[in-house]
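Okay, so here's the structure we're looking at.
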Amino acid sequence: MLLYAWDRAVFLNRWNVEVDASPSLDALLASVLSKLVEQRLRIGLGRGYTNDARTVRTIRGRVDFAESLKRLAFENGQAHCRFQTYSHNVPKNQIVRTMMSRLVQTGRFGQNRNNAENLRGKLRQLVRALDGIDFACQRWI
């Protein structure tokens, strides 16, 4: 479903071995997702612009005068600004990190405990590798 949602259905025939080897749908999803995320980490994650608002020492973007006055920022040589940053912390990466984290917690990877723990460990490692990315909000899940 994620492949169709992100218009990546061209990958469908690429995973025939994983489909045959996976004892459950969770194991299949975890296997495919981990391989794709490892590949994206090697070539670089997608980035995008995100909205940010914080109190800073230099003017950046638009100054929010009401918030600056409320926080007494001007008296401290600061200003509350609204601006955009170009980062990896975009919704598609947040969804992937959240999905992998949920698979670690609730995934059913079959009867073979050794294979299940190996897959769970790989997912944990990838969730840690995506450390600068927030978990997705409940409204996106």
Query raised in the report: Scattering from the C-alpha atoms of the range 48-87 alone, worked out with Debye: what is log10 I(q)/I(0) at q = 0.30 1/Å?
Result: -0.93
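Taking a ≥ b ≥ c as the square roots of the Cα gyration tensor eigenvalues, with a/c under 1.5 meaning rounded and otherwise prolate when a/b beats b/c, else oblate, which class fits the range 21-125?
In terms of gyration-tensor shape, prolate.
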Report summary line: For F109, other-chain or 5+-apart residues with amide H closer than 5 Å (H placed, Pro excluded) are none
Query raised in the report: Which ordering of R71, R128, R97 is given by a fewest-first count of other beta-carbon atoms within 10 Å?
Result: R128, R71, R97
Query raised in the report: In straight Cα distance, which lysines are under 16 Å from K35, not counting same-chain residues fewer than 8 positions off?
Result: K122
Report summary line: HN-Hα couplings for the range 55-68 via Karplus (6.51, -1.76, 1.60; θ = phi - 60°), in whole Hz with x for Gly/Pro, come out as 8, 10, 7, 10, 6, 9, x, 9, 7, 8, 5, 4, 5, 5
Query raised in the report: If R0 is 30 Å, what FRET efficiency do you get for S24 and V56 from their C-beta distance, rounded to 0.05?
Result: 0.05
Query raised in the report: How large is ³J(HN,Hα), in whole Hz, for each residue of the range 114-128 in order, when computed from phi with the Karplus curve 6.51 cos²θ - 1.76 cosθ + 1.60 and θ = phi - 60°, using x for Gly and Pro?
Result: 5, 5, 5, 5, 4, 5, 4, x, 5, 5, 4, 4, 5, 5, 5
Report task. Could you check the simple spin-label distance between K35 and R71, using points 7 Å along Cα→Cβ, in nm with one decimal? Result -> 4.6 nm
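Throughout, read-outs are computed from the coordinates displayed, never taken from laboratory work. All of these numbers come straight from a predicted model, not from anything done at the bench. Positions of Cβ are generated from backbone atoms using ideal geometry, with glycine treated the same way; all protein chains shown enter the neighbour counts.
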